[in-house]
Amino acid sequence: MHAIVTGGLGFIGSHTVEALLGAGWDVTIVDNLSSNVVDHHHFRNDARIVRSTVQAAFAGLRTADLVIHLASIVGPLRVAQYSGDIEAEILQDTRTVLDYCLKFGVRLLFGSSSDVYACAGWLREEDEIRSWGTTTPRAAYASGKHKSEQLIAQHCTKAGLPYTCVRFFNVAGPRQSGKGGFVIPRFIASALHGTPLQVHGSGRQLRTFLHSREAATALKLLAEATTPPPILNIGNPKNVLRIIDLARLVVHILRSSSPIVSVDPAVCYGARFDDGFEKLPRIDLAIEALRWLPALTVEDIILDAAEAMSIGIGASNAS
């Protein structure tokens, strides 16, 4: 079986490629190296690598059995940097991948986001999708993902082509970059360097975290599924904690002397910075459809990510 993975040198993408290769898949990686966390030599003996934009690459790719489309601008800070362009860019890449899948009859797994829900609480796939009600860059990112889901659903359903839109809930772990604003690598880098861990506001925000290897396992199981669901939440409902408690946990586990300080994100990142909602995943469907149940704890995520940083895996992207 042959899979094409866009963004395969990125955070979730590189773990997914490793999971597929371990299961015996042939893999072609499409990555423009704009936010890669492993370089193009990492898979040079195991996978074909196309260093290109999605639009240029798919014009010349041979047919495959599956496309996993993970290439995207990610992270609250990187999303803010692309303000005004991000929605159109997400949709353009999705359209390119979708046209390829429709042309060759290739199954599609699309990397969506829990941001599409635009509301707080425990969320199921069947819950109503609401509008963010704002014009922030993060709202535009969410809109691009939701419109991509709609585009895929309409065309694949019409063509009788199976697809799954995967809504990720806060994946973290080895190789994740702090440059995008992701909280766990930011906290770990500060703790390792003895600098203050910056918590937004009071730090009372609830978040849930899924280990990157378990996210990759879910995608591998989806790739192998005979009747994949069209929409699927992927997250860990057991790893729920407040950001202030996450900061304390990082300091404790890494035996750091770093202080924890409160900052105003609007002052640090600009008035249009959006910290998102307290989105928590219901994963009953993933358990039923894939027999997938994440088991790794927040402590596991912190230790594995810190070890990767300290030995230089992804260290250049960590701060």
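The values are calculated or read from the model by the stated rules, or taken from the named source; none is laboratory data. Given the structure is predicted, the values throughout are model-derived calculations rather than measurements. Using ideal geometry, Cβ is built from the backbone for each residue, glycine included, and neighbour counts are taken over all protein chains shown.
Among residues of the range 232-248 that are under 16 Å from residue 212 (Cβ atoms), those with a Cβ under 7 angstrom from a residue that is of a type in the set (Val, Ile, Thr) and outside any strand (DSSP E or B), sequence gap 6+ or separate chain, pair up as 235/283; 239/297; 239/298.
When you scan the range 199-214, how many residues do you find that are within 19 Å of residue 237 (Cβ to Cβ) and small (Gly, Ala, Ser)? Summing the residues that are within 19 Å of residue 237 (Cβ to Cβ) and small (Gly, Ala, Ser) in the range 199-214 gives 1.
Would you confirm whether any residue within the range 188-198 is in contact with a Phe, Trp or Tyr (Cβ under 8 Å, 6 or more places away or on another chain) and not β-branched (Val, Ile, Thr)? Yes, the conditions are met somewhere in the range 188-198.
Filtering 38, 54 for residues that are closer than 28 Å to residue 178 by Cα, modelled with pLDDT of 95 or more and buried (at least 17 other Cβ atoms within 10 Å of the Cβ) leaves a single hit, 54.
Cβ-Cβ contacts under 9 Å between residues 6 or more apart (or on different chains), taken from a first residue in the range 153-174 that is farther than 12 Å from residue 112 by Cα and in contact (Cβ under 8 Å) with a residue 60 or more places away in the chain to a second residue that is in a loop (DSSP other than H, G, I, E, B) and among the hydroxyl-bearing types (Ser, Thr, Tyr), are listed as 162/227.
Is there a residue being charged (D, E, K, R) and in a loop (DSSP other than H, G, I, E, B) anywhere in the range 32-41? Walk me through how you get there before you give the answer.
Within the range 32-41, the first condition is being charged (D, E, K, R), and the residues that meet it are 39.
Now drop any that are not in a loop (DSSP other than H, G, I, E, B), which leaves 39.
Looking through the range 32-41, at least one residue is charged (D, E, K, R) and in a loop (DSSP other than H, G, I, E, B).
In the range 210-225, is there at least one residue being more than 22 Å from residue 14 (Cβ to Cβ) and of a type outside the set (A, V, I, L, M, F, W, C)? For the range 210-225, residues more than 22 Å from residue 14 (Cβ to Cβ) and of a type outside the set (A, V, I, L, M, F, W, C): absent.
A search for C-beta distances below 8 Å between a residue of the range 49-72 that is more than 21 Å from residue 1 (Cβ to Cβ) and any residue that is of a type in the set (A, V, I, L, M, F, W, C) and part of a strand (DSSP E or B), counting only pairs 6+ apart in sequence or on different chains, returns 52/30; 54/30.
Yes/no per residue for (1) at pLDDT 95 or above; (2) assigned to a loop (DSSP other than H, G, I, E, B):
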| site | (1), (2) |
| --- | --- |
| 267 | no, no |
| 273 | no, yes |
| 294 | yes, yes |
| 299 | yes, no |
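Is one or more of the residues making up the range 83-105 on the phi > 0 side of the Ramachandran plot and modelled with pLDDT of 95 or more? Yes; the residues of the range 83-105 include at least one that is on the phi > 0 side of the Ramachandran plot and modelled with pLDDT of 95 or more. In the set (1) more than 26 Å from residue 227 (Cα to Cα); (2) in contact with a strand residue (DSSP E or B) (Cβ under 7 Å, 6 or more places away or on another chain), residue 90 fails one condition alone, (2). With respect to the conditions (1) β-branched (Val, Ile, Thr); (2) farther than 26 Å from residue 14 by Cα; (3) at pLDDT 95 or above; (4) part of a helix (DSSP H, G or I), residue 261 lacks only one, and its number is (4). Among the residues here, residue 96 does not qualify as in a loop (DSSP other than H, G, I, E, B), in contact (Cβ under 8 Å) with a residue 40 or more places away in the chain and surrounded by fewer than 24 Cβ atoms within 10 Å (Cβ to Cβ).
Taking the listed residues 184, 188, 152, the one that is in a helix (DSSP H, G or I) and not assigned by TED's automatic domain parsing to the domain that holds residue 304 is 152, with no other qualifying. A Cβ distance below 9 Å, combined with a sequence gap of six or more or placement on separate chains, defines the contacts here; from the range 260-284, residues that are in the same structural domain as residue 77 (by TED's automatic domain parsing) reach no residue that is loosely packed, with under 13 Cβ neighbours inside 10 Å and not hydroxyl-bearing (Ser, Thr, Tyr).
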